[in-house]
1. Quick one: grab the alpha carbon gyration tensor of chain A, order the square roots of its eigenvalues as a ≥ b ≥ c, and give me rounded if a/c is under 1.5, else prolate or oblate depending on whether a/b is larger than b/c.
2. Can you figure out the FRET efficiency of residue B:391 with residue C:55, using R₀ = 30 Å and their beta-carbon distance, to the nearest 0.05?
3. Mind checking the per residue accessible area of the protein assembly as shown for me, 1.4 Å probe, whole number of Å²?
4. What does the structure give for A:81-91 when I average, per residue, the other chain Cβ atoms found within 10 Å of the residue Cβ?
5. Mind checking the mean number of beta-carbon atoms from other chains within 10 Å of the Cβ atoms in C:277-284?
6. So which chymotrypsin sites (Phe, Trp or Tyr not before Pro) in the range B:428-519 pass both tests, a DSSP loop state and at most 12 other Cβ atoms within 10 Å of the Cβ?
7. If you count only protein heavy atoms and use a 1.4 Å probe, how large is the accessible surface of residue B:410, to the nearest 10 Å²?
8. Quick check: net charge around residue C:147, other residues with Cβ under 14 Å of its Cβ, Lys/Arg +1 and Asp/Glu -1?
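The values are calculated or read from the model by the stated rules, or taken from the named source; none is laboratory data. Predicted model, so just to flag it, every value in this text is computed and none were measured. With ideal geometry, Cβ positions are generated from the backbone for all residues, glycine too; neighbour counts draw on all protein chains shown. When the accessible area is computed, the model is the full protein with side chains, heavy atoms only, and any ligands, DNA or RNA have been set aside. Shrake-Rupley method; radii C 1.70, N 1.55, O 1.52, S 1.80 Å.
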Amino acid sequence: MAGTVLRRLAHMIAVLFGISVLVFLIFFATPGANPAARIAGKDASPQTIARVEKQFGLNRPLPVQYALMMKKLFVTRNLTSFVNLGEKVVPQVFKAAPVTLSLVSGAAVIWIGFAILIGALAAAFRGGWIDRLLMVLSLIGISMPVFWVGTMANLITQGAYHHTWLFSWVPPLGYIPFSRSPLGWFKALVIPWITLAILYIGLYARVLRAALIETMQEDFIRTARAKGLSERQVLLRHALRCSLVSVVTLFGLDFGVLVGGGALLTEVVFGLQGVGYLTYQALETLDLPMIMATVIYASVFVVVSNAAVDIVYAAFDPRMRVRR
Amino acid sequence: MRRILAIFLLLGASLATARAATNTPEYGGTLRLVTTAASGSFDPQINYTLRYAEIYQAMYDGLVTFAKVGGPGSIEVVPDLATNLPKPTDHGTTYVFHLRHGIEFSNGAPVTVQAVVHSFRRLFKVNSPNAGTWYDVIVGGRRCLAHPGHCTLPGLIADPATNTVTFHLRHPDAEFLDQLAVPFGSILPADTPDRDMGTMPIPGTGAYMVKSYDPSNGIVMVRNPHFHQWSAIAQPKGFPNRILYRFGLSAEAQVTAVENGQYDWMYENAPADRLNQMATHYTKQIHITPVNWFFYAPMNVNIPPFNNKYARLAVNYAVNRESAVKLSGGNALATPSCQILPPQMPGYVPYCPFTRNPGADWSAPDWKRARHYMQKSGMIGQKVTVVTQIQSPYRQLGVYLQGVLNRLGFKASVKPISPDLQFTYIQNSNNNVQISITDWAQDYPAPSDFLNVLFSCKSFKKGSDNSINISGFCDPAIDAEMAHAELISLKHPRAGDAIWAHVDRQITRRAVVASLLSVNRLDFVSARLRHFRFSGEYFFLPQLAVIK
Amino acid sequence: MSQATELRIDDIAPPAPGYWATAMRKLRRDGAAMTALTTLIVIILLCAAAPLYARDIAHTNPFESNLSGTVLRHGKMVEVLGAAHNPLRLGVEPIGPSWKLGPYMLGADGQGRDVAARMLYGGRNSLLVSFAAAVICLVLAALTGILAGFFGGWTDRAISWLLDALWAFPVFLLAISLSVVLIAHGIDIGPIRLDASSLALPITIIGVIYVPYVARPVRGLVLGLRQSEYVLAAIGIGAPSWRILWFDILPNVISSLVVFAPLIVALDMLTEAALSFLSIGVQPPAASWGTIIHNGESLIYTRPIVAIAPGLAIVITVLALNILGDGLRDALDPRAKLRN
């Protein structure tokens, strides 16, 4: 077990190293990406640019620059932005994290709740029109681009129907910290939550339905039935609990990705200054230190959630240890 | 009796002042401004953005400044920390400033001649963007550029006894006072560290000071306790007690927030989609002012196909400026233009050779001539790429221009890239950009800031990301004429302006760029904001706004 | 577009004789899948007819700005892009939909181009990008998955590391960074020269980023097959590797790839739309449904149809692909469980 964890850890570090090198190389391969001219300002003289290059260490060999950047990012943690000079990037990422966390956790509550409801209903009425309807709705949910749903939601709640009683409570786009106003926080996030959740409701409802139907054929369910429990009780008490395992691992992976910045599109559409938005902005302004920090932040979440799921699997299933 | 009368008089007087106070509630309140994001270092000697210049003017002072008033007077340079506006002596190379007494920075330190000297040395030590293009005219500036660590700047002499500073220039410079008046010329405390202060605000002498600065959240400005008004035109006391500048709302959200009265003014241009609704329901909250800012398509005169003058002429005759105006929000927000100088600039004389009826103004594209020149150029079938930015209106202008080029017979494609990349990308001659879409706004209202900066031989630097002469145009004769205009302007501004107008026509006729339009700035303010004042140099003057 | 949307294959056995014929028969009996297939074919045919529509019905070039043009509406000539009606004459409004087959049926976009014609052309690009990217993805995934699963050892470790890095690199960030670089410059690797404005870029990017999604289950499948009795037996009698790969492994892999294909195409279509929405996918003046939504977003108050219509097109197409995917799974491999 300890060996598995250690091996997994080494693998994780190797993956993160690969990603950071990739980001670094992509950046320096981009023509016009050299920040010296932009830092120096429009129409600066060549001497000024040369001095800026020296000051920011941009004239040193790439491996040295890479090592310095990693040191500043992880050891001294004082890596500063190329765009907002003097702005430390690590605190920026941690400042954006609560926004993303608020968005993703709220959405997760919604999607888990609805997915269980829909999955259980569909499984209970398997083959009937309710099942069909719910599954078609789930498929539609999976088929809608999230940014389009968000744009449509904005059109309705911010534009066309904003002045009707139905949506006049919707605040302007943007995030309101929970500490400033819990109600405002809720109002500002409820539409983004639903928008983000739709895809996952569809996804999880389908997975859950399939798992439930499979579980219902297992031996222990037959035993429960034999004990004289009603079909609905069997479904809710026994089968559901067992089927949730498949959803939990899926949830671990999805949640990791989203918290790391995977909700970028939702954040951009709703103007929420989360980690995804930060990354997007950094990429637009080609702010390498910020890109590096956010990409590594995101990758850590993906890698860790993957590893966690794998290790949990390995703990339960001894065959996995041999395979991995 | 007399005493009673006196009491009555006193009472009356206090009543009168009380009424005056309620009648003039101008002073006080919090002005709330909003923008999308921070704009780089907060150091006034380094930051080169309008976003911050608009608020620096209320926090910092130079020896001189542009008058902080609305309207045409706002492009006049007036004395600020200096008591006088010196006339240069020694054939235009020596300027003597007398410093005002009794002015303090917001940290309580006095403004001294040492602070002035320190501030100008600091420009070189912190790599101020224009250290090598503007301020190296001061004797010793060149050495400071090369060795900033040992910068002494012998051309700047301080005399504490008489409280004067004297500048010696290497050569006469008609724009020297303009360059002292912009925020780079701010006088900072003598103990300000010689490095980019980044997010740490530096104390200034203005009516307001920064209470907190957070690049991800915003700026809180309060009254400077050490400030007393020495010149209402140079540094007015200002009406609001606090000015908040919040970061983080998209332009779309800003419009909504200003409509709802949550903010009093937005920095960003309102999205084109919202203009109609704003103009219909919030007509009185919109202020539109023409500014010195133009959009143009530079054509690279050093590589095919635009090294051929006929090809450039063909483009200029074919471009429909009215279409470009439509893409920029319509006639209220833009004016068609064929020339380099924008309408508000001294020396501007309307001129348009590239139109159906050549004369002062543009009327319609002349496809007959365009096709004729295209034939003559022999460039039909040549491949051309338009490099533009991804955001509006650049992207749309790029796609439009591509259509025009295709109709002319080029094989055109368009390449929209990130704005931060595009501006340096199109400047570097190594990238072999043929034609692009870009814009230029004034640093200060002087024709040379457009003509000399964008088209002089020394603005073209081969293979450099900072080569603002994007067309790569160089004509020694025009350079000489511009130098002549500078010299004349020093003593006879009117005569100088006439020469600049001639230079404008010369460069326009060479068709090294396709000038598209000049910009009118739209300011959208809240219903409670009164006394909106717009400066030709700093744009909206927040401290002069009154909050009710 | 969940990263964890995992494709999984369970039991392992070589396809029985008559396998494909049985599967096709089953698929033909599946009403939902056939409806989806028909819908897809109709959409593809409509998009293929884009040039005809532009020439004979819309009478416009949907790739050229029409900023000063006029069009006949209710017996009057109307500006395609007219000044908005407000006291300040502020803003410009594109002409709205006529809802009749003809010029500007769905109105004009911000550059005076016919939205309906652009929708059809955009559909071509959206379909082309997602199908081509899916092919690249499946081929690469089969290659890497088979190599890793069959040869194991260092090959497996190296490939797994690569796939993990690709997997952990946030999809959009990878796409955005690649696009930023490539859009500015194009790719220039030896004889291959990709121009920035060509569709090859989004195709390559989208094709590559989803390789781990498919390669991982393929690797698992091959790993299982490698240890199955009949492969061990084949190795035992000294059959060469290529023979085992070709006759025992590949048929299995292909049948699961066929099941994945519509789902990957659907995923690619959503990704293409998202990238274009962030203005890093298909580059102007070419259009895709994503870029039209992006253009439409800046007209959402005045002409919401510009954003609504292409969104609906995406939903319908992706829905059809997903239904078809379900049908294929049921028909081809009743034991393969596919979670999407």
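1. Numbers: a/c = 3.12, a/b = 1.58, b/c = 1.97.
Oblate, since a/c reaches 1.5 and b/c is not below a/b.
2. Rounded to the nearest 0.05, the efficiency is 0.40.
3. Result: 39 Å² per residue.
4. Other-chain Cβ atoms within 10 Å of each residue's Cβ, averaged: 6.
5. Numbers: counts 9, 8, 7, 6, 0, 0, 7, 11.
What the average comes to for C:277-284 is 6.
6. Sites meeting the loop and neighbour criteria: none at all.
7. My reading of the accessible area for residue B:410 is about 10 Å².
8. On the way: positive: C:157, C:216, C:219, C:226; negative: C:156.
So the surrounding residues net to +3.
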